[in-house]
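The values are calculated or read from the model by the stated rules, or taken from the named source; none is laboratory data. Keep in mind that this is a model prediction, so the values were computed, not measured. All Cβ positions, even for glycine, are placed from backbone atoms using ideal geometry, and neighbour counts span all protein chains on display. The accessibility values were calculated without ligands, DNA or RNA, using every heavy atom of the protein model including side chains. Shrake-Rupley method; radii C 1.70, N 1.55, O 1.52, S 1.80 Å.
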Amino acid sequence: MQTQSEIARLRDAYRDYSERGLATTKWSLANQGNRQMRQERRRHLDELLCLNGLLPLTSRRILDLGCDTGELLAGFQDWGAGAENLFGVDLLAERIRIAKNQHPMIAFQQANAEDLPFRDRFFDIVCVFTVFSSILDQRMADNISREIERILTSDGAIIWYDFRIRSPQNPHVRGISRGEIQRLFPGFRMSLRTLTLVPPLARNLGATTPWLYPCLASLPFLRTHYLGVLTRRDVLRAPADSQSTSSGLNTQLQPNIEASVNGISTCCTNANPAPPGKRLYDLILASVGLVVLSPLFLVVALLIKLTDGGRVFYRQVRIGQHGQPFRICKFRTVIPNAEIRSGLLTVDGRSQATRMGRFLRKIKLDELPLLWNVWKGEMSLVGPRPEIPSFVNHYTREQRRILRYKPGLADLASLYFRNEESLLRNARDVERVYIERCLPRKLVLNQRYAESADLLSDTWILLQTICPSWIGLLLIITGALLASSLLLGSLLADGFVHGFSTPWKNSGAIP
């Protein structure tokens with residue numbers, strides 16, 4: 001049953017937006033804050049598509065509810081979606097007219113989302129971006145959620161982006177909590193994250209937007225939206241073909257490393273305990289490192305800004321303990337979108353590294369921000385290095401045992417493969433060579449470490465990582481100092497026990 005009064009209210013609200021010219025003023029991409037919000041959302045959406053096994057989009061049918069002028073829908077073509085598989089629906093005829101003119105290859109039509117003109121189980125992905133927050137009538141929201149479930153395939157997904165708090169400046173929208181999302185889609189598992197800096201604040205940062213927006217958006221209480229993927233609870237995605245190559249992020253995660261309802265992958269439930277005191281060891285050293293090195297952090301950040309003006313930090317999804325994904329934080333050493341341009345591995349001459357980035361990589365300063373991941377408990381100082389999802393996809397069942405352990409900033413494999421980039425320099429297919437030759441050897445070394453890990457071996461690995469060229473000299477100097485100290489201590493002890501004598505006392509000579 002359609003709710004005519006709510007439909008009329010929505011039309012009036014959108015007419016009000018149009019008359020006030022908000023699309024060309026308040027919401028215009030000429031504003032740096034609006035551009036930053038869109039870029040942030042796209043970056044997070046890329047990660048969520050990968051983590052939930054939705055890439056590639058080549059053969060997936062996608063519907064955008066409330067498609068506006070079709071910009072979001074057209075953007076899915078960058079992830080491989082074909083225009084023939086893209087469909088957009090909107091309540092307003094004017095929006096549909098503009099969308100058809102701008103994107104003639106995409107199928108747009110005017111319709112009420114309570115009664116969609118599509119057959120059952122037709123779409124693999126349904127996008128609902130700021131849809132439910134605009135609906136104030138609960139009956140209409142329930143009707144739309146049931147329609148979405150009807151047209152979604154049994155292993156389909158809902159991509160959600162909407163307000164999580166009410167906007168005091170806009171009476172036409174409301175906030176949608178996690179509980180409300182779960183009530184609307186009770187048979188779905190939610191993978192949500194908060195993002196989007198408070199829009200009125202973001203739009204008024206001016207010239208400071210590129211560097212101030214990320215800083216302010218890192219504070220959870222200043223984020224106004226949820227972005228996430230909703231999938232049916234009883235569905236695990238089919239594993240990718242084990243013979244396929246790893247092409248960027250276009251590789252699905254195997255179900256073995258997908259987190260189950262209780263957050264632990266079934267292949268990683270029997271995790272071995274960490275050495276006693278390891279978490280305290282990590283916390284103390286990471287805290288000291290962050291405090292002591294903070295001036296160096298500022299210098300490096302300033303140099304990155306001065307040399308190429310881009311973002312200071314580089315964030316990427318990695319797979320952590322028990323198959324749980326997390327985002328590492330490093331100093332950015334590559335040009336923007338380097339992974340898309342040249343693949344996941346960059347090697348020497350073919351690298352997309354900046355001039356400053358090459359210097360940081362050479363002396364390993366780019367990895368200092370990983371101390372923040374250690375401090376948060378996502379990583380340890382020493383442990384198997386975390387890999388990206390598409391590489392973990394190639395692990396055998398035996399190799400997945402390494403996911404029982406918390407990933408680390410340094411490990412045995414990083415010592416043995418210290419010059420990995422030069423080893424891969426002449427490879428025609430860098431990623432395939434890495435997966436087939438380097439990755440198995442790394443996993444063997446990591447398993448060997450994990451089986452006999454203790455704080456003493458952790459300390460030794462850290463020392464070798466920090467000063468590889470000087471470790472021999474350091475040991476010699478330390479040994480010499482220790483031997484000298486022992487000899488001096490022995491002489492002093494002998495003097496106190498037997499008394500100190502002078503040469504003339506024993507000779508009988510008078511001074």
Problem set entry | Answer residue from the stretch 136-159, given it is among the small types (Gly, Ala, Ser) and assigned to a helix (DSSP H, G or I) and is farthest from residue 48 (Cα to Cα) among those | 141
Problem set entry | Inter-residue pairs, beta-carbon under 8 Å, first in contact (Cβ under 8 Å) with a residue 24 or more places away in the chain and of a type in the set (Gly, Ala, Ser) and in the stretch 300-320, second part of a loop (DSSP other than H, G, I, E, B) and open to solvent by 50 Å² or more (accessible area, probe 1.4 Å), 6+ apart | 310/336; 320/378; 320/406
Problem set entry | the stretch 392-423, subset modelled with pLDDT under 75 and in contact with an Asp or Glu (Cβ under 8 Å, 6 or more places away or on another chain), residue surrounded by the fewest Cβ atoms within 10 Å (Cβ to Cβ) | 422
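Please note which helices (runs of 4 or more DSSP H) are completely contained in the stretch 424-507 and include at least 3 residues that are modelled with pLDDT of 65 or more and open to solvent by less than 70 Å² (accessible area, probe 1.4 Å). If you could, list the steps in order and put the result at the bottom.
Numbers: elements: 430-433, 439-451, 455-466, 471-498, 503-507.
Hits in the stretch 424-507: 439-451, 455-466, 471-498.
Tell me which residues, restricted to the stretch 217-258, are assigned to a helix (DSSP H, G or I), under 18 Å from the mean Cα position of the chain (by Cα) and at pLDDT 85 or above.
Passing the criteria: 217, 220.
Considering the stretch 127-149 alone, what residues qualify as being open to solvent by less than 10 Å² (accessible area, probe 1.4 Å), closer than 15 Å to residue 63 by Cα and touching a strand residue (DSSP E or B) at 6+ places or on another chain (Cβ under 8 Å)?
Step one: of the stretch 127-149, the residues open to solvent by less than 10 Å² (accessible area, probe 1.4 Å) are 127-128, 132-133, 135, 140-141, 144-145, 148.
Pick out the ones that are also closer than 15 Å to residue 63 by Cα and you get 127-128, 144-145, 148.
Correct list: 127, 128, 144, 148.
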Exercise. Mind checking which pairs have a first residue in the stretch 80-99 that is under 17 Å from residue 134 (Cβ atoms) and open to solvent by 30 Å² or more (accessible area, probe 1.4 Å) and a second that is small (Gly, Ala, Ser) and assigned to a helix (DSSP H, G or I), Cβ under 8 Å, 6 or more apart or different chains?
Worked result: 94/18
Exercise. How many residues does the stretch 286-317 hold that are in a strand (DSSP E or B) and open to solvent by less than 40 Å² (accessible area, probe 1.4 Å)?
Worked result: 2
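From 74, 23, grab the single residue that is among the aliphatic types (A, V, I, L, M) and within 30 Å of residue 139 (Cα to Cα). Before you say what the answer is, go through the steps one by one.
Details: 74 fails: within 30 Å of residue 139 (Cα to Cα).
Exactly one of 74, 23 is among the aliphatic types (A, V, I, L, M) and within 30 Å of residue 139 (Cα to Cα), namely 23.
State yes or no: is residue 124 part of a loop (DSSP other than H, G, I, E, B) and either in contact (Cβ under 8 Å) with a residue 60 or more places away in the chain or open to solvent by 30 Å² or more (accessible area, probe 1.4 Å) (or both)? I'd like the intermediate steps shown before the answer.
Details: part of a loop (DSSP other than H, G, I, E, B): no; either in contact (Cβ under 8 Å) with a residue 60 or more places away in the chain or open to solvent by 30 Å² or more (accessible area, probe 1.4 Å) (or both): yes.
Taking the combined requirement at face value, the residue does not satisfy it.
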Exercise. Looking at the stretch 160-204, which of the residues that are part of a helix (DSSP H, G or I) and within 19 Å of residue 42 (Cα to Cα) is least open to solvent (accessible area, probe 1.4 Å)?
Worked result: 202
For this session: Could you name every one of the helices (runs of 4 or more DSSP H) located completely within the stretch 1-111 that has at least 2 residues being within 29 Å of the chain's Cα centre (by Cα) and not basic (Lys, Arg)?
Result: 32-51, 71-75
